[in-house]
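Here is the structure we will look at, set down as C-alpha cells.
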C-alpha cells in the first residue's frame, strides 16, 4: 500500500508530465488548442475617406482576448499582394502602417490564424495629390428617411430604410453603423431611382447602435441616430 506522501508525489509527477511540452512528446500529451473567434477582433481608425499617394495610413487591430497570430496583406491596384509588418503596442493592440505608392483601390486583407476577418478585405481609395476634387451643389437638410431601420433593430434579419435625396441635389450617400463590437460591415445600399436608395443592414448582437447617414460631407436630419435592438 502506498503512503500518503507517495501518492501526493506521484500526483505531482503526473501533473508535471501532462504540462510538459517539447519536441520529444510521446504522443499521449498534446498542447491544448486555442479556439479563435475572429469576429471579436476590432479594426480601429481605418480610413473612411480617400488618401493621397505616399501618405501614411495608420490603423489599429484590437484582439479582445482572441488568441493567435495576426497577418495583414495589402493588395495593390495591379493585383500584387505584399505582407505588411505589424507592431504590437501591447498584448491586445496591434498597429499597422501602410504607405500607398500609386493611386487606385487597395485591398487590405486581415487574418488571424489564416482566417479572414468579417468585412475583409477593407478598401483604401488612393488619389493623386493633383487630382481634381469635385464640388457638389447639394443640401443634406432636404434628404428624408423612412423605414423601421432607423428606429429599431431586429436581430438576425434584414433591417431596411429608404433614403430619399430627390430634393437635395446630387451628392454621395454615406451610411455607417457602429455597435458594441465596432462597425458593422454587413450594409447594402441599392439605388432605386435618381438620388433615392434602399439601405439594408444585418445585426447579430444585442445592444445600442449609432447609425450615421450623410449626404456628401453633411449629416441628414436626425443623423446620427441611436438605434436599439429589439
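The table below lists the values:
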{"read-out": "Selection count, region 95-107, where residues are farther than 16 Å from residue 73 by Cα, touching a residue at least 40 places away in the same chain (Cβ under 8 Å) and part of a strand (DSSP E or B)", "value": "0"}
{"read-out": "Selection count where residues are surrounded by fewer than 16 Cβ atoms within 10 Å (Cβ to Cβ) and over 17 Å from residue 100 (Cβ atoms), scope region 43-59", "value": "1"}
{"read-out": "Filter result (at pLDDT 90 or above, more than 18 Å from residue 148 (Cβ to Cβ) and surrounded by fewer than 13 Cβ atoms within 10 Å (Cβ to Cβ)) within region 173-192", "value": "191"}
{"read-out": "Residue 125 touching a residue at least 24 places away in the same chain (Cβ under 8 Å), closer than 28 Å to residue 77 by Cα and surrounded by 13 or more Cβ atoms within 10 Å (Cβ to Cβ)", "value": "yes"}
{"read-out": "Unique match (being free of Cβ contacts under 8 Å to residues at least 60 places away in the same chain and farther than 24 Å from residue 189 by Cβ) among 92, 160", "value": "92"}
{"read-out": "Count of region 60-80 residues which are surrounded by 11 or more Cβ atoms within 10 Å (Cβ to Cβ) and under 14 Å from residue 107 (Cα atoms)", "value": "7"}
{"read-out": "Matching residues in region 163-204 - criterion: being touching a residue at least 40 places away in the same chain (Cβ under 8 Å) and part of a strand (DSSP E or B)", "value": "163, 173, 174, 176, 177, 182, 183, 199, 200, 201, 202"}
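The values are calculated or read from the model by the stated rules, or taken from the named source; none is laboratory data. Quick caveat: nothing in here was measured; it's all calculated off a predicted structure. Note that each Cβ is placed from the backbone with ideal geometry, even for glycine, and that neighbours are counted across all protein chains shown.
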